[in-house]
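Structure, as structure tokens:
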Amino acid sequence: MHLNFMLDVMHSTERHLPIFPLSQPMFPGCRLPLRIFEPRYLRMVSESSRDGTGFVITLLQEGQEVIRSGRRAVAFHDLGCHCHIVDFEQLPGGLLGITIEGAAEVWIESAHQEDDGLWVGIAHQADVLSLPADEPLDDLMAVMAELKTHPLLDSLVPDVALEQMSPEHILNTLCCWLPMSEVQKQALLQELDLAQRLRGLRRVLDEWMRS
């Protein structure tokens, strides 16, 4: 499904979207493979594919879903990423394999859990400030070129020339796939001024260089 359609969905009237809390955050323009087996998430995939609405990936604050007093409870961040499915396959053991792609940062409001345990909430597209047009990215392009050679990321990092990738796409891809903690990644996602997100990423790279 075309990314512009997904963004049109976010700009349309307020609507509820399924929420998929994970142990890692998602960034716009990035792809992530998932294995789906729980009935609530199989329903999520079916309905979001049928309706063309996608769903929201957000980072678990607890690291995993927990059960308290016999009721399922979960703590997740209220800033996530609206995603859509770009590929799927049937896997052995009754698993469904999907590949998702991030579309836009979204705020989650009024989240509640349905009878089968699926979280649903109102998603509003976040206001994001673009990178300055004259921002030099030679350092990030060098890191990106190295990342594209990693065999484990072969199907997840875009198979296009770096010169054809937008600065925002390069920034988000590095935030998504460089080996930093999930807390660091979430902190970068929550920098909605992309110039600040870039500075945060460069601070992480500088720390690596000094270590």
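All of the numbers you see were taken from the coordinates with simple rules; none came from a lab. This structure is a prediction, so every number in the text was calculated from the model and none was measured. Quick reminder, even Gly has a Cβ in these numbers, built from the backbone with ideal geometry, and neighbours come from all protein chains shown.
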Would you mind ranking Phe20, Phe55, Phe37 so that the residue whose beta carbon has the fewest other beta carbons within 10 Å leads the list? Phe37, Phe20, Phe55
FRET efficiency for Glu163 and Glu47, using Cβ-Cβ distance with R0 set to 35 Å, rounded to 0.05: 0.35
I need the phi-derived Karplus couplings for the range 93-106: 6.51 cos²θ - 1.76 cosθ + 1.60, θ = phi - 60°, integer Hz, Gly and Pro marked x. x, x, 7, 10, x, 10, 10, 10, 10, x, 10, 6, 5, 9
Residues Thr149 and Arg199, FRET efficiency given R0 of 25 Å [Cβ-Cβ distance, rounded to 0.05]: 0.45
Note: His124 to Leu137 extended length (0.36 nm per residue) minus current alpha-carbon separation gives 1.7 nm
Which residues in the range 28-51 have a backbone N closer than 14 Å to a point placed 7 Å from the Cα of Glu114 along the Cα-to-Cβ line? 39-51
Under a 5 Å amide H to amide H cut-off, with H placed in plane at 1.01 Å, what residues pair with Phe20 once short-range neighbours are removed? Val56, Ile57, Thr58
The range 170-187 - phi-based ³J(HN,Hα) in whole Hz, Karplus 6.51/-1.76/1.60, Gly and Pro as x: 4, 4, 5, 5, 5, 4, 6, 10, 5, x, 10, 5, 5, 5, 4, 5, 5, 4
